[in-house]
Amino acid sequence: MAKESKIQGQKPDSKKSKDRKRRKRKVIIVVIELLFLLGVLIWVWVNSKMDKLNTDVTFRGQDVRVELPKETQDVLGEYTTIALFGLDNRDEGSYESGNSDVIMVARIDKGTKEVRLVSVYRDTFLKMADLDNPNAYSKANAAYAKGGPKQAVRMLNTNLDLDIQEYVSFDFSAVAEAVDILGGVEIEVNGAEVDHLNNYCIETSKVTGKDYSPLPGAGTYNLNGVQAVSYGRIRYTAGDDFKRTERQRLVVEKMVEKALASDMGTINELIDAVFPKIKTSLDKGQIVSLATDAFNYKLGENAGFPFDIGSAVVDIAYQRSRQDCVIPADLASNVKELHDFLFGTDSYQVTDSVQGISDEIEYRTGVHAKSKE
């Protein structure tokens, strides 16, 4: 009887244990359902944002690639490389042509998430990678004007031994809108820049439909959208286009700093306002993949290309005229330095194709590498 009583005494505990297990299973199921629902909501939100993008469905990476050695492809495969084009277009929403006054190569280290930016000077004398005119050489910004993003990306790959397969294009309005939403960018403006900035603001304001106040003189200011865009357009000071690309990269750096420190409300407003003002070959999946690590990105060093330069008045394609151009001195040595800077190589050897382009530029312009001089 005592044994039976002991067994019967265990039944309540066993029932409680089963109830606890049952409640635990219910909690797990509810959590799974909530996570699933959250995932669905995030997916719906992301898709609603992606639908605001002007996605270039005609752009295919294989159409702009060039032949590279396997060892080079292996190194480049460790990074995400995207071409950025800022268009000097007076018609908003036009991304198929126009001089690309901003030409940047953005390189993202897949492991460390470090981002490096290189500006290609718009007046750099390069091969145009024009399929209809293989011998065309002109200023770098003419490639986009002649053949849109396809030719512009192919031009970068052809001259720089790169494997860029994606691009993002934007105009004045997109940058001005983004800066305003972020609350402006703090930049020091010197005396030589103030007058030019104020002058550019007049046109930038008309193009974007945004207001501004003229700067009273040199100093550190929190520039609004119109002022920041105008600051990035200044080229008539010491340093000309080289200094201008520095200003452009500084504006980008300040915008990234502000964006990374922003709350989700600001990010949401930024997406709603800016996405319709850019065009890109990136699809939804690629953007989501990049956005997943957005707050882990860190800006590294930036530079202008070419590193070593000369200048010459030469015949340029498409305009049938002779113009003053920035000449790589020489292209081959500059491309080697570019790969060392972007991809950490120390003994990069340019392809025969780039060496041939380098020799042709030297022949047409008479500008040699410093080592030859």
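Give me the number: length gained by fully extending R60 to D340, i.e. 0.36 nm times residue separation minus the C-alpha to C-alpha distance, one decimal in nm.
Values: separation 280, 0.36 × 280 = 100.80 nm, distance 2.76 nm.
Working it through step by step, the gained length comes to 98.0 nm.
A straight chain from S347 to E257 at 0.36 nm per residue would run longer than the Cα-Cα distance by 29.0 nm.
How large a share of the accessible area of region 258-373, in percent, is made up of carbon and sulfur atoms when the probe is 1.4 Å and the other protein chains stay in place?
Working: 2990 of 6060 Å².
Carbon-and-sulfur percentage of accessible area, whole number: 49.
The distance linking region 145-176 with region 186-224 is 28 Å (Cα centroid to Cα centroid, whole angstrom). Summarising the amide proton neighbourhood of D308: residues at separation of 5 or more, or on other chains, whose placed amide H is nearer than 5 Å comprise A329.
For I202, I82, the ranking by accessible surface with the largest value first comes to I202, I82, using a 1.4 Å probe. Per atom type, region 149-220 shows carbon and sulfur on 46% of its accessible surface, probed at 1.4 Å. The Rg/Rh ratio of region 77-191, with both radii computed over alpha carbons and Rh defined as the Kirkwood radius, is 1.01. Ranking Q151, A136, L182 by how far each Cα lies toward the positive end of the dipole of region 129-217 (charges on Cβ) leaves A136 at the top.
Taking the empirical scaling 2.2 N^0.38 Å for compact globular proteins as reference, region 200-287 has a Cα radius of gyration ratio of 1.26.
The values are calculated or read from the model by the stated rules, or taken from the named source; none is laboratory data. Owing to the predicted nature of the structure, the values given are computational and were not obtained by experimental measurement. Note: ideal-geometry Cβ built from the backbone for every residue, glycine included; neighbour counts use all protein chains shown. The protein model used for the area step is the full one, side chains on, heavy atoms only, and it has no ligands, DNA or RNA in it. Shrake-Rupley method; radii C 1.70, N 1.55, O 1.52, S 1.80 Å.
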